[in-house]
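Below is one structure, written out as structure tokens, with a few remarks after it.
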Amino acid sequence: MSAVPDRSRRALLLGRSQARAPLRPPWALAEADFVEACTGCGACIERCPEQVLVRGAAGYAVFDPRLGECTFCGDCADACEPRAINRAAVDVPWRTLASAGDACLPRHGVVCSSCRDACPERAIAFPLSTSVPTPVIDPARCTGCGACVSVCPVDALTLMQQEQA
Ligand code: SF4
Ligand code: SF4
Ligand code: SF4
């Protein structure tokens, strides 16, 4: 049985979205249009082979990179009948970028490069500028796939949404 989003909560969600929108599935419409179009059927969540989509607030799908990597296979978009996830209307999957926070081990003198090894785009470098190199993420390479997030032993990595160009 589908969990139809509580439409009375849409205004609240839209209000929140102006501060920081949740990480929706790739190719999701802009937040206001997404929550308007999405019926909460859960088809995208069920179809995702990587199982990285979950129900968020009010039943709307969100991408949780702690669960793994988005491979941009497009299955979620294909499953979305109301076209809330819409590859024809949205030019890039999303505008997110990985960012390492203060918990990052090398910042505390502990050698670690797990994120670099996990990144399929080779977007994470460790310049040899200090005795314990810290990660630097290339925004031109990072796709926001999330592969680095779940491998970080101290949950230092998050995906940050970028402003629209
Ligand atoms: S593009 Fe594929 S891997 Fe990524 S969220 Fe959609 S179904 Fe899952
Ligand atoms: S995996 Fe985590 S702790 Fe290790 S270098 Fe990357 S961000 Fe830092
Ligand atoms: S989000 Fe993906 S592409 Fe970006 S740094 Fe992490 S693993 Fe690499």
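Details
- Some residue of the range 136-147 being of a type in the set (V, I, T), under 14 Å from the mean Cα position of the chain (by Cα) and more than 11 Å from ligand 3 (Cβ to nearest atom): no
- Scanning the range 106-128 for residues being of a type in the set (D, E) and either within 16 Å of ligand 1 (Cβ to nearest atom) or at positive phi (or both) gives a total of 1.
Matching residues to (1) among the polar types (S, T, N, Q); (2) surrounded by 13 or more Cβ atoms within 10 Å (Cβ to Cβ); (3) out of contact with any helix residue (DSSP H, G or I) (no Cβ under 9 Å at 6 or more places or on another chain); (4) at pLDDT below 95:
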| residue | (1), (2), (3), (4) |
| --- | --- |
| A79 | no, yes, no, no |
| N86 | yes, yes, no, no |
| A98 | no, yes, no, no |
| R116 | no, yes, yes, no |
| P135 | no, yes, no, no |
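- Of all residues in the range 59-77, exactly one satisfies the criterion of being in contact with a helix residue (DSSP H, G or I) (Cβ under 9 Å, 6 or more places away or on another chain) and farther than 24 Å from V35 by Cβ, namely E69.
- Tally of residues being touching a Cys at 6+ places or on another chain (Cβ under 7 Å) and either assigned by TED's automatic domain parsing to the domain that holds C70 or more than 9 Å from ligand 2 (Cβ to nearest atom) (or both) across the range 117-165: 7
- Flag for A43 being more than 16 Å from the chain's Cα centre (by Cα), without any contact (Cβ under 8 Å) to a residue 24 or more places away in the chain and surrounded by 14 or more Cβ atoms within 10 Å (Cβ to Cβ): no
The values are calculated or read from the model by the stated rules, or taken from the named source; none is laboratory data. As the structure is a computational prediction, the values presented were derived from the model and not from experiment. With ideal geometry, Cβ positions are generated from the backbone for all residues, glycine too; neighbour counts draw on all protein chains shown.
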